[in-house]
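Trainee: Take a look at this one; I'll ask things after.
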Amino acid sequence: MESPDNGLQKAQQIVLRWDSTVSEDARARMIFQSDRQEINDYLQAVDEIQHFMESITVSDDDQKSQKVNSAIQIAMARLEDEFRNILISHAAPIETESLTESISPIHMSSRASSSLSEFNDSDDYFGRGEDDSVHTIGNLVRGESSTTITSYRSTSSIREMDLIPSDSVYDLRCIAERMITAGYIRECVQVYGSVRKSAVDSSFKKLGVEKLSIGDIQRLQWEVLNAKIGKWIRAAKVCVRVLFASEKRLCNLIFEDLGTDADDACFMETVKAPAIQLFNFAEAISISKRSPEKLFKILDLHDALLDLLPDIDAVFESKSSESIRVQATEIVSRLAEAARGMLSEFENAVLREPSKVPVPGGTIHPLTRYVMNYISLISDYKQTLGELIVSGPTTGSRYSDDSSTPDMDVADHEGRSPLALHLIWIIIVLQFNLEGKSKHYKDNSLAYVFIMNNIHYIVQKIKGSPELREMIGDGYLKKLTGKYRQAATKYQRATWVGVLYCLRDEGLHMTGSFSSGVSKTALRERFKSFNAMFEEVHKMQALWLIPDTQLREELQISISERLIPAYRSFLGRFRTHIEHGRHPENYIKYSVEDLEMAVLDFFEGNAVNQHSRRRSN
């Protein structure tokens with residue numbers, strides 16, 4: 001049996017043989033790239049020396065102790081190099097392409113893309129000048145030398161993957177155990193953290209996670225940030241659920257139960273800075289300047305982070321990583337508050353939108369399109385906003401003397417959620433603004449067409465979205481329908497009462513001469529007045545525009561139902577009096593068919609030739 005002194009001497013020799021400071025061969029080769037026997041011999045030699053160190057006392061040979069101490073220092077320096085080399089050999093970044101597709105998306109992907117695209121066409125409405133607003137308004141690959149091996153261990157949404165092959169993990173654990181036992185935990189943690197953090201940084205680059213400070217992010221234009229948010233959401237899910245989770249698992253495999261919380265220390269050394277870098281993006285967005293067009297991306301970010309919170313809590317569950325958990329939770333809270341603030345700011349922006357130039361032809365105002373597309377998108381996010389919006393809007397009162405704000409009686413919408421009340425309030429505010437804009441039309445008839453067009457558009461947008469219709473309610477929808485029909489009625493009165501007044505019998509019969517009948521002079525004047533008035537209405541209102549085909553045809557039919565019978569009757573009673581006189585074509589300029597055809601020109605938005613719809617009689 002070998003004596004302890006002989007065993008110690010042999011162990012020292014093995015350690016000194018691998019001293020790279022004195023041996024060229026030791027510098028050229030790595031122990032853990034040798035055969036297994038050589039690896040085991042070296043580890044056993046280190047164990048022998050450590051065992052001797054633990055057993056020596058003050059009375060032992062001081063010279064012998066110094067030699068053993070020197071051997072331990074040489075061994076630790078060598079193991080540190082070996083540790084670093086194994087880590088570097090397996091520090092390839094993750095393969096992100098398949099991971100970004102396979103990590104399950106949050107519910108934002110199912111939201112209506114058509115509404116979003118239509119909204120995006122005018123998503124900077126409130127930032128425009130008046131003229132513009134009027135006319136435009138990862139499979140993660142394990143780092144090995146030859147074969148690519150993919151391995152998943154999934155718990156809920158977390159997908160842990162083998163970052164380093166199991167045999168290399170075993171070698172790393174063997175080295176870590178001896179370094180920690182010898183009191184070299186700080187060196188072990190630093191080497192591990194520096195190499196693995198570099199690997200995480202490389203994975204960040206592949207995922208598109210940029211190194212930007214909060215200040216850098218806040219200085220970016222919103223159009224740039226808008227594109228980055230979607231990329232960040234995809235990257236964040238891979239980082240938390242795969243990258244960070246897998247790094248945590250690797251730390252546990254190598255350091256767990258080696259004492260002094262080495263596993264947690266190495267994990268935080270590796271991912272704390274990258275995690276802060278990752279979450280700084282969301283934090284910068286959460287504290288950035290609020291504006292209505294940011295709302296939906298803010299909600300996407302909120303939902304993504306809220307969805308990640310359980311995974312963040314699971315991955316960063318230790319006391320030392322509490323700051324990461326707290327940061328993520330606070331960002332979610334700030335994003336929620338930002339969303340609430342943006343909805344309120346949107347309401348105020350709609351109320352105060354200042355454009356005064358009337359839209360040509362009384363068609364749909366760009367503000368109306370913008371607002372209705374916006375609240376249609378809000379309804380797509382009703383699950384999230386329904387949880388965030390817990391109180392109704394701050395509205396005007398019908399008992400208030402403030403004429404700059406409309407009123408809304410919440411009792412009229414009993415049973416509606418706070419979010420639904422906000423949507424109804426936005427529509428009320430929009431109508432109030434549109435009423436103000438209608439006053440800039442010099443022609444009252446055109447003002448009524450403008451109101452009719454815009455409220456009809458509001459009604460159609462509500463009907464076209466089942467979610468929005470459910471939130472608004474059929475009761476309020478019926479009220480809106482009544483408003484645009486009322487505007488149509490007012491238009492007919494403003495336009496056609498004067499025209500139809502020309503077709504009355506009163507004033508045409510000569511006093512005291514009932515048997516002889518009609519005053520031809522008065523009759524000629526009546527026909528001339530009708531011709532002039534209808535010609536002017538036809539000329540002007542053909543230029544007006546009702547873009548909805550059904551609404552346009554309904555109004556044309558309604559006009560014809562009032563105008564054509566009255567004209568046919570008048571013409572039937574009095575045409576002979578004109579035709580028997582001189583130049584009848586100067587007075588009877590329209591046949592019934594001419595009028596029927598002329599009415600079809602109304603609200604098409606096109607100029608017409610006044611003679612093209614007329615024929616001689």
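The values are calculated or read from the model by the stated rules, or taken from the named source; none is laboratory data. Computed from a predicted structure; not experimentally measured. FYI the Cβ positions are ideal-geometry reconstructions off the backbone, even for glycines, and counts take in every protein chain you see. Each accessible area value is taken on the protein alone, full model and side chains, heavy atoms only, with ligands, DNA and RNA left out. Shrake-Rupley method; radii C 1.70, N 1.55, O 1.52, S 1.80 Å.
Trainee: Of all residues in segment 167-190, count the ones that are open to solvent by 10 Å² or more (accessible area, probe 1.4 Å) and assigned to a helix (DSSP H, G or I). If you could, list the steps in order and put the result at the bottom.
Mentor: Filtering segment 167-190 down to residues open to solvent by 10 Å² or more (accessible area, probe 1.4 Å) leaves 167-171, 173-174, 177-178, 180-187, 189-190.
Checking which are assigned to a helix (DSSP H, G or I) leaves us with 167-171, 173-174, 177-178, 180-181, 185-187, 189-190.
Summing the residues that are open to solvent by 10 Å² or more (accessible area, probe 1.4 Å) and assigned to a helix (DSSP H, G or I) in segment 167-190 gives 16.
Trainee: For segment 391-495, list the helices (runs of 4 or more DSSP H) that sit wholly inside it and hold at least 3 residues that are small (Gly, Ala, Ser); which are they? Before the answer, list the steps.
Mentor: Values: elements: 418-438, 444-463, 466-472.
Those helices (runs of 4 or more DSSP H) span 418-438.
To keep it simple, each residue is scored yes or no on (1) at pLDDT 95 or above; (2) under 18 Å from residue 496 (Cβ atoms).
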| position | (1), (2) |
| --- | --- |
| 509 | no, no |
| 513 | no, no |
| 519 | no, no |
| 525 | no, no |
| 529 | no, yes |
| 543 | yes, yes |
| 549 | yes, no |
| 557 | yes, yes |
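Trainee: Quick check: anything in segment 533-552 open to solvent by less than 70 Å² (accessible area, probe 1.4 Å), more than 58 Å from the chain's Cα centre (by Cα) and either of a type in the set (S, T, N, Q) or over 18 Å from residue 363 (Cβ atoms) (or both)?
Mentor: no
Trainee: Looking at residue 463, is it farther than 28 Å from residue 342 by Cβ and either outside the structural domain of residue 370 (by the TED database) or open to solvent by 60 Å² or more (accessible area, probe 1.4 Å) (or both)? Spell out the reasoning first.
Mentor: Numbers: farther than 28 Å from residue 342 by Cβ: no; either outside the structural domain of residue 370 (by the TED database) or open to solvent by 60 Å² or more (accessible area, probe 1.4 Å) (or both): yes.
Taking the combined requirement at face value, the residue does not satisfy it.
Trainee: Here's something else I'd like to know. Within segment 252-282, which residues are more than 34 Å from the chain's Cα centre (by Cα) and crowded, with 24+ Cβ neighbours inside 10 Å? So that I can check it myself, show each step before the final result.
Mentor: Of the residues in segment 252-282, the ones more than 34 Å from the chain's Cα centre (by Cα) are 252-266.
Result: 254, 255, 266.
Trainee: Pairs only if they're at least six apart or on different chains, beta carbon under 7 angstrom, first in segment 339-354 and among the basic types (Lys, Arg), second in a helix (DSSP H, G or I); list them, first residue then second.
Mentor: 340/388
Trainee: How many residues are assigned to a helix (DSSP H, G or I) and touching a Lys or Arg at 6+ places or on another chain (Cβ under 8 Å) if we restrict to segment 378-390? Break it down stepwise before answering.
Mentor: Initially, segment 378-390 is screened for residues assigned to a helix (DSSP H, G or I), giving 378-380, 382-388.
Retained after the next criterion (residues that are touching a Lys or Arg at 6+ places or on another chain (Cβ under 8 Å)): 380, 388.
Total meeting the criteria: 2.
Trainee: How do the pairs read when you match residues in segment 518-534 that are charged (D, E, K, R) with residues anywhere that are open to solvent by less than 20 Å² (accessible area, probe 1.4 Å), using Cβ under 6 Å and keeping only pairs 6 or more apart or on different chains?
Mentor: 526/502
Trainee: Continuing with the same structure: Of all residues in segment 578-595, which are part of a helix (DSSP H, G or I) and touching a Leu at 6+ places or on another chain (Cβ under 9 Å)?
Mentor: Those that are part of a helix (DSSP H, G or I) and touching a Leu at 6+ places or on another chain (Cβ under 9 Å): 578, 592, 595.
Trainee: Would you tally the residues in segment 553-577 being polar (S, T, N, Q) and either assigned to a loop (DSSP other than H, G, I, E, B) or surrounded by 18 or more Cβ atoms within 10 Å (Cβ to Cβ) (or both)? If you could, list the steps in order and put the result at the bottom.
Mentor: So the first thing to find is which residues in segment 553-577 are polar (S, T, N, Q), and the list is 556, 558, 560, 569, 576.
Remaining after also requiring either assigned to a loop (DSSP other than H, G, I, E, B) or surrounded by 18 or more Cβ atoms within 10 Å (Cβ to Cβ) (or both): 556.
Residues flagged as polar (S, T, N, Q) and either assigned to a loop (DSSP other than H, G, I, E, B) or surrounded by 18 or more Cβ atoms within 10 Å (Cβ to Cβ) (or both) within segment 553-577 amount to 1.
Trainee: From the list 289, 248, 297, 228, pick out the single residue that is in contact with a helix residue (DSSP H, G or I) (Cβ under 6 Å, 6 or more places away or on another chain), farther than 20 Å from residue 88 by Cα and open to solvent by 20 Å² or more (accessible area, probe 1.4 Å).
Mentor: Details: 289 fails: in contact with a helix residue (DSSP H, G or I) (Cβ under 6 Å, 6 or more places away or on another chain); 248 fails: farther than 20 Å from residue 88 by Cα; 228 fails: in contact with a helix residue (DSSP H, G or I) (Cβ under 6 Å, 6 or more places away or on another chain).
Every option except 297 fails the conditions.
Trainee: For segment 406-423, enumerate the residues that are modelled with pLDDT of 80 or more and under 18 Å from residue 371 (Cβ atoms).
Mentor: Once the filter is applied, which keeps residues that are modelled with pLDDT of 80 or more and under 18 Å from residue 371 (Cβ atoms), segment 406-423 yields 406, 419, 420, 421, 422, 423.
The rows are residues; the columns are (1) crowded, with 16+ Cβ neighbours inside 10 Å; (2) small (Gly, Ala, Ser).
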{"site": "409", "(1), (2)": "no, no"}
{"site": "427", "(1), (2)": "yes, no"}
{"site": "459", "(1), (2)": "yes, no"}
{"site": "472", "(1), (2)": "yes, no"}
{"site": "475", "(1), (2)": "no, yes"}
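Trainee: Could I ask something else about it? I need the helices (runs of 4 or more DSSP H) fully contained in segment 35-114, keeping only those with at least 1 residues that are among the charged types (D, E, K, R), closer than 30 Å to residue 207 by Cα and modelled with pLDDT of 70 or more.
Mentor: Working: elements: 36-55, 62-89, 97-102.
Because the criterion is at least 1 residues that are among the charged types (D, E, K, R), closer than 30 Å to residue 207 by Cα and modelled with pLDDT of 70 or more, the helices (runs of 4 or more DSSP H) in segment 35-114 that meet it are 62-89.
Trainee: Looking for whichever is under 28 Å from residue 560 (Cα atoms) and touching a Cys at 6+ places or on another chain (Cβ under 8 Å) here; the options are 485, 493, 504, 526. Which one fits? Before the answer, list the steps.
Mentor: On the way: 485 fails: touching a Cys at 6+ places or on another chain (Cβ under 8 Å); 493 fails: touching a Cys at 6+ places or on another chain (Cβ under 8 Å); 504 fails: touching a Cys at 6+ places or on another chain (Cβ under 8 Å).
The conditions single out 526.
Trainee: Regarding residue 324, is this residue crowded, with 17+ Cβ neighbours inside 10 Å and over 30 Å from residue 405 (Cα atoms)? Steps first, answer last, please.
Mentor: Details: crowded, with 17+ Cβ neighbours inside 10 Å: yes; over 30 Å from residue 405 (Cα atoms): yes.
Here the answer is yes, as residue 324 does meet what is asked.
Trainee: When only residues in segment 587-601 that are open to solvent by less than 80 Å² (accessible area, probe 1.4 Å) and not aliphatic (A, V, I, L, M) count, which is modelled with the lowest pLDDT? Write out each step before concluding.
Mentor: Kept after step one, since they are open to solvent by less than 80 Å² (accessible area, probe 1.4 Å), are these residues of segment 587-601: 587-592, 594-596, 598-599, 601.
From what is left, the residues that are not aliphatic (A, V, I, L, M) are 587, 589-591, 594, 596, 601.
Numbers: 587: 85, 589: 91, 590: 92, 591: 92, 594: 94, 596: 95, 601: 95.
Of everything passing the filter in segment 587-601, 587 is modelled with the lowest pLDDT.
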